[in-house]
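As structure tokens, the structure follows; a few thoughts come after it.
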Amino acid sequence: MDILTIIRFPALESTQDMAKKIAASATSRTVIVAETQTGARGRMKRERISPPGGLWMTGIIHGVHAYLPIIVGASLVDAIENLGARVRLKRPNDVVSRAGRKIAGVLIEVLGDTSLIGIGVNVNNPIPPKIRDVAVSIKELVGHEVDRMSLLTDIRDNIYNYLHNPFGALERRREKDYLKNKRVRVYVNKHKIEGIARGIDEDGFLLVETEKGTERIISAYKVEEVIE
């Protein structure tokens, strides 16, 4: 396995932006890590809170892999569960507690023939009171502080193992599907679809059973659980 190169910063506006700047000259399996981020964004450019104590990183891989979102999600689940927490995956690629509180998120971008894997994990950082009902840290779940660099290494190793076993990652993703068999509302372009989530297909796309039949959701702005 190639040597892992970690470049650490006390603070960055965004590890993803820094990775874009150095991607052309960086070796594959380089990881940018920041103690805190001041301008990080997730999917749909949503603000990402990144206080000290979390794991805020972007991994650089030269190559584009169709199953990469599934691989990264499965890799996060395995690494976090290895610490003793029991978690699930919620579309598109959030890791959540069994109660549905967010632990980690992923943003994957492609720059030419290079994949940038942005990952944010609530590890030892305190969760602000205003979002405690929807977010949780690993520390809170397992009852003690976690070594963030060991977690990073575990995530990295899992990713490269699953790159050689993408269908194993798919099965793991299906096993840990938080939304399966729950009523969901899916926002696609300017309309919405409501039905029962029936898992993901072999390409990783969400299947939703509606009154008109089963819809295959290739791209969605938002997927939310409908609480009845």
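Structure summary
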{"read-out": "Cα-based shape type of the range 5-175, given that a ≥ b ≥ c are square roots of the gyration tensor eigenvalues and the cut on a/c is 1.5", "value": "oblate"}
{"read-out": "Residue-wise HN-Hα coupling along the range 199-215, computed from phi with Karplus coefficients 6.51, -1.76, 1.60 (Hz; x: Gly, Pro)", "value": "x, 10, 8, 5, 9, x, 8, 5, 10, 10, 8, 10, 5, 8, x, 8, 9"}
{"read-out": "Cross-link pairs beyond the 22 Å C-alpha cut-off, checked among Lys21/Lys130; Lys139/Lys182; Lys192/Lys212", "value": "Lys21/Lys130; Lys139/Lys182"}
{"read-out": "Pairwise label distance in nanometres, Thr210 with Phe167, each label 7 Å out on the Cα-Cβ vector", "value": "3.2 nm"}
{"read-out": "Theoretical ellipticity at 222 nm over the chain - DSSP helices of four or more residues, -39500 (n - 2.57) apiece, nearest 500", "value": "-7000 deg cm²/dmol"}
{"read-out": "The range 167-227: C-alpha gyration tensor shape, a/c 1.5 cut-off, then a/b vs b/c", "value": "prolate"}
{"read-out": "Using θ = phi - 60° and Karplus 6.51 cos²θ - 1.76 cosθ + 1.60, couplings along the range 129-144 (whole Hz; Gly, Pro as x)", "value": "x, 5, 10, 5, 7, 10, 9, 8, 9, 5, 3, 5, 6, 9, x, 7"}
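Quick note: the coordinates plus some simple rules give every number you see, no bench work behind them. Here the structure is a predicted model, which is why all the values come from computation and not from measurement. Because the Cβ atoms are built from the backbone with ideal geometry, glycine has one as well, and the counts that use them run over all protein chains shown.
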